[in-house]
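Participant: Structure provided below as structure tokens; questions to follow.
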Amino acid sequence: MLVNCVVYQEGKKLAEIQQREIKSYLSRPDCFVWVALRDADAAELALMQEEFDLHELAVEDARHGHQRPKIDEYGDSLFAVLHTVEVVGEELKVGEMDIFVGRNYVLSARQSAERGFADVRTRCEREPELLQHGSGYVLYALMDAIVDRYAPVLDAVEAELEALEEQIFSGKSPRENIEALYYVKQKLMTLKHAVAPLVEASGRLYGGRVPPVCAGLGDYFRDVYDHLFRLNQSIDTSRDTVTTAIQVNLAMITIGETEVTKRLAAYAALVAVPTMIAGIYGMNFEHMPELKWDYGYPLAVALMTGIDVYLFYRFRKAGWL
């Protein structure tokens, strides 16, 4: 679906145009066209390929979707794939933004993304002195918006992780804690897949040889790189925290099982002593001196009770009971 089709001249909005008018404005040296699509089908992409003369490999990637985040260079044009990550309830929804950038055009096509980028267009139109840089600045603005939207998602995941860390020592079911921690780890992996590939890709847009459409915008793309680098580090730190929390939870399970084992061993010892003594006297041998002694039974009972009381005292002192 076509969202916007606007032509700009010298950093200012000139007009909203129809698709059939795109080529006439592309031929003007001082204009560039910015088209936004949402959930475009193969027919719409084919039409845009004809209008902008897009590279067939880039169009094929956009048509198939589910691409790894990347920035490819085709002659004087760029093809960027970025993942959008949104919090929907307790889930993370991943979408995709495909951006075709040429000397005098920008074509953005988002897939499975609920939140649009009208605010990005508004921001660019408020800054005509920056929009004079043309399509390269629009690429920066779109990348910057997508990267900035990662931060609140990461904050939400980190808040969830902090709550789970507090639950580890609250007596909640260890199994539920581990399941929840793995769920958080899965979310962090989703963010990692969106951020990590872009760190290297965005690093090629400033310093040294840069694509022609990005010339003169090194400071802006370096800012995007810095944000991605910090996000990537934060994600790695959170993943390490999840791993540590899982290990602590497993250690607490082991400690709990050890406590149960010690208690069972202590109770078994308390039962074993009277069982042993009673077993000896239950053998009914003829020549056992205590069998005919008047105080034999009370003495055996007292002996069993005394040994059990002593063992109970020792186990309690050792923390086994």
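The values are calculated or read from the model by the stated rules, or taken from the named source; none is laboratory data. Keep in mind it's a predicted model, so treat the numbers as computed, not measured. Methodologically, a virtual Cβ is constructed for each residue, glycine included, from the backbone with ideal geometry; neighbour enumeration extends over all protein chains shown. Only protein heavy atoms, including side chains, enter the accessible area calculation; ligands, DNA and RNA are left aside. Shrake-Rupley method; radii C 1.70, N 1.55, O 1.52, S 1.80 Å.
Participant: If we scan the range 201-220, do we find a residue that is out of contact with any helix residue (DSSP H, G or I) (no Cβ under 8 Å at 6 or more places or on another chain) and not in a helix (DSSP H, G or I)?
Facilitator: yes
Participant: From the list Val242, Val199, Val224, Val195, which one is in contact (Cβ under 8 Å) with a residue 24 or more places away in the chain, open to solvent by less than 30 Å² (accessible area, probe 1.4 Å) and in contact with a Ser or Thr (Cβ under 8 Å, 6 or more places away or on another chain)?
Facilitator: Being in contact (Cβ under 8 Å) with a residue 24 or more places away in the chain, open to solvent by less than 30 Å² (accessible area, probe 1.4 Å) and in contact with a Ser or Thr (Cβ under 8 Å, 6 or more places away or on another chain) holds for just one of Val242, Val199, Val224, Val195, which is Val224.
Participant: Only residues in the range 55-73 that are on the phi < 0 side of the Ramachandran plot count as the first member; pair them with residues that are part of a loop (DSSP other than H, G, I, E, B), Cβ under 8 angstrom, at least 6 apart or cross-chain, and list the lot.
Facilitator: Pairs that qualify, where the first residue is on the phi < 0 side of the Ramachandran plot and the partner is part of a loop (DSSP other than H, G, I, E, B), are His55/Gly75; Asp61/Gln67; Ala62/Ala40; Glu73/Pro211.
Participant: Among the strands (runs of 3 or more DSSP E) confined wholly to the range 1-99, which include 2 or more residues that are open to solvent by less than 30 Å² (accessible area, probe 1.4 Å) and either of a type in the set (Gly, Ala, Ser) or more than 29 Å from Asp155 (Cα to Cα) (or both)?
Facilitator: It comes to 2-9, 31-38, 77-88.
Participant: Going through the range 142-152 one residue at a time, which ones are touching a helix residue (DSSP H, G or I) at 6+ places or on another chain (Cβ under 9 Å) and surrounded by fewer than 20 Cβ atoms within 10 Å (Cβ to Cβ)?
Facilitator: Hits for the range 142-152 are Asp144, Ala145, Asp148, Ala151.
Participant: Of the conditions (1) over 24 Å from Thr84 (Cβ atoms); (2) without any contact (Cβ under 8 Å) to a residue 40 or more places away in the chain; (3) among the β-branched types (Val, Ile, Thr), Ile168 satisfies every one except a single condition; which number is it?
Facilitator: Tallying (1) over 24 Å from Thr84 (Cβ atoms); (2) without any contact (Cβ under 8 Å) to a residue 40 or more places away in the chain; (3) among the β-branched types (Val, Ile, Thr), Ile168 fails exactly one: (2).
Participant: Could you say which residue among Tyr220, Tyr183, Tyr267 is among the hydroxyl-bearing types (Ser, Thr, Tyr) and under 30 Å from Gly134 (Cα atoms)?
Facilitator: That would be Tyr220, the only listed residue that is among the hydroxyl-bearing types (Ser, Thr, Tyr) and under 30 Å from Gly134 (Cα atoms).
Participant: Hey, any hits in the range 280-296 for a residue that's surrounded by 11 or more Cβ atoms within 10 Å (Cβ to Cβ), at pLDDT 75 or above and part of a helix (DSSP H, G or I)?
Facilitator: There is no residue in the range 280-296 that is surrounded by 11 or more Cβ atoms within 10 Å (Cβ to Cβ), at pLDDT 75 or above and part of a helix (DSSP H, G or I).
Participant: Need the failing condition index for Val106 against (1) open to solvent by 10 Å² or more (accessible area, probe 1.4 Å); (2) in contact with a helix residue (DSSP H, G or I) (Cβ under 6 Å, 6 or more places away or on another chain); (3) not in a helix (DSSP H, G or I), just the number.
Facilitator: Of (1) open to solvent by 10 Å² or more (accessible area, probe 1.4 Å); (2) in contact with a helix residue (DSSP H, G or I) (Cβ under 6 Å, 6 or more places away or on another chain); (3) not in a helix (DSSP H, G or I), only one is false for Val106: (1).
Participant: Could you pull out the residue among Arg126, Arg115 that is farther than 20 Å from Leu37 by Cβ and either at pLDDT 95 or above or open to solvent by 50 Å² or more (accessible area, probe 1.4 Å) (or both)?
Facilitator: Result: Arg126 is the single residue among Arg126, Arg115 that is farther than 20 Å from Leu37 by Cβ and either at pLDDT 95 or above or open to solvent by 50 Å² or more (accessible area, probe 1.4 Å) (or both).
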